[in-house]
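Contents: one structure, followed by commentary.
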Amino acid sequence: MDTLSVALLPLILAFIMFALGLSMQIADIKYIAKEPKPFIIGFIAQLVLLPVITLILILLLKPAPEFAFGFMLLSFCPGGVTSNMLCTLLKGNLPLSVALTSVMSLVSILTVPVLTAWAYGHFLGTEGGSINLVSMGIKMFLITALPVGLGIFMHEKKPEFTRAHRDKFMKVAFALFVILVAVAIFSNREVLFNESGQITVMIVTLLVALFIVGLGIPKLLGLSWRDAKTIGMEVGIQNSSMALALSGILAVSSDSVLPAFTLPAAVYSVVMYLVAVPYIWVFRKFND
């Protein structure tokens, strides 16, 4: 394995998370106290419904074990800056979207290592090795919570500098994200060539199910269209860059830059727009 490539993956994610933090401020998190019901429903939907729906589809469609693990890893990750940007196009509740992204990113420090360890053992078996929860938790903190916190701190202390340069940071973050996707796909190009159809069908089916459930349940619970469609977007659009970076951390003993279980996140990074755009086109008109 190219040690330099593996080392760069977490650093790229850390920069992406720092750029995400620059777009946040403490006032965004205070939104939770003002509107607790939409936040609680969205939080539970992301933390519980998202992995459960993913697991159900895996049991129904029966993808290869490495792909099944890749899909579960993706479902454990919080939303990211992409969901916040798409929420703006959706004419959704941006403060709710940012609050969910912020809190879920912090909570993921605890949830992702535990859930990943379970999925790793369940789908890949003993041949995949074991995961050190403490070590992974520390790495999660260093590449997610810490850079997000630094970004928020800079936004609060240097608001003019942040406003002037935030777009530049976001453009660099996007370019680095594209590199992550390209590395994952190139490293597994032969597998992708043979399995692209199965992976794409699984991703489209998963996204459609997540958007329907993510929007439908909040509406059934009495939320406005604006809040419900925002939660639908947050449930459907995940931080695939985190899934790719975590795959790099887990792949230390692999013989390739990134193993096959990175492909669901890499392909998802492209396919998600094919489902998100129609969702935005239909529901951006729904505001009550």
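The values are calculated or read from the model by the stated rules, or taken from the named source; none is laboratory data. Computed from a prediction, not measured in an experiment: that's the story for all the values here. All Cβ positions, glycine included, derive from the backbone under ideal geometry; neighbour counts span all protein chains shown. Surface areas here come from the heavy atoms of the whole protein model, side chains and all, with no ligands, DNA or RNA. Shrake-Rupley method; radii C 1.70, N 1.55, O 1.52, S 1.80 Å.
Count of the stretch 136-152 residues, restricted to those that are closer than 14 Å to Pro113 by Cα and open to solvent by 40 Å² or more (accessible area, probe 1.4 Å), is 4.
Residues in the stretch 249-279 that are of a type in the set (Gly, Ala, Ser) and either at pLDDT 85 or above or assigned to a helix (DSSP H, G or I) (or both): Ala260, Ala265, Ala266, Ser269, Ala276. Among the conditions (1) within 17 Å of the chain's Cα centre (by Cα); (2) closer than 25 Å to Ile41 by Cβ, Lys91 misses just one, which is (1).
The one condition from (1) in a helix (DSSP H, G or I); (2) open to solvent by less than 10 Å² (accessible area, probe 1.4 Å); (3) within 28 Å of Trp281 (Cα to Cα) that Pro78 does not meet is (1). Restricting attention to the stretch 85-116, the residues being within 20 Å of Val282 (Cα to Cα), open to solvent by 10 Å² or more (accessible area, probe 1.4 Å) and assigned to a helix (DSSP H, G or I) number 5.
Yes/no per residue for (1) in contact with a strand residue (DSSP E or B) (Cβ under 6 Å, 6 or more places away or on another chain); (2) at pLDDT 80 or above; (3) not small (Gly, Ala, Ser):
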| residue | (1), (2), (3) |
| --- | --- |
| Gly137 | no, no, no |
| Thr144 | no, no, yes |
| Lys157 | no, yes, yes |
| Arg163 | no, no, yes |
| Arg166 | no, no, yes |
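Output the number of the condition that Gly197 fails; it satisfies all remaining conditions of (1) at pLDDT below 80; (2) touching a Leu at 6+ places or on another chain (Cβ under 8 Å). Only one criterion in (1) at pLDDT below 80; (2) touching a Leu at 6+ places or on another chain (Cβ under 8 Å) is unmet by Gly197, namely (2). Checked against (1) surrounded by fewer than 20 Cβ atoms within 10 Å (Cβ to Cβ); (2) modelled with pLDDT under 90, Val282 passes all but condition (2).
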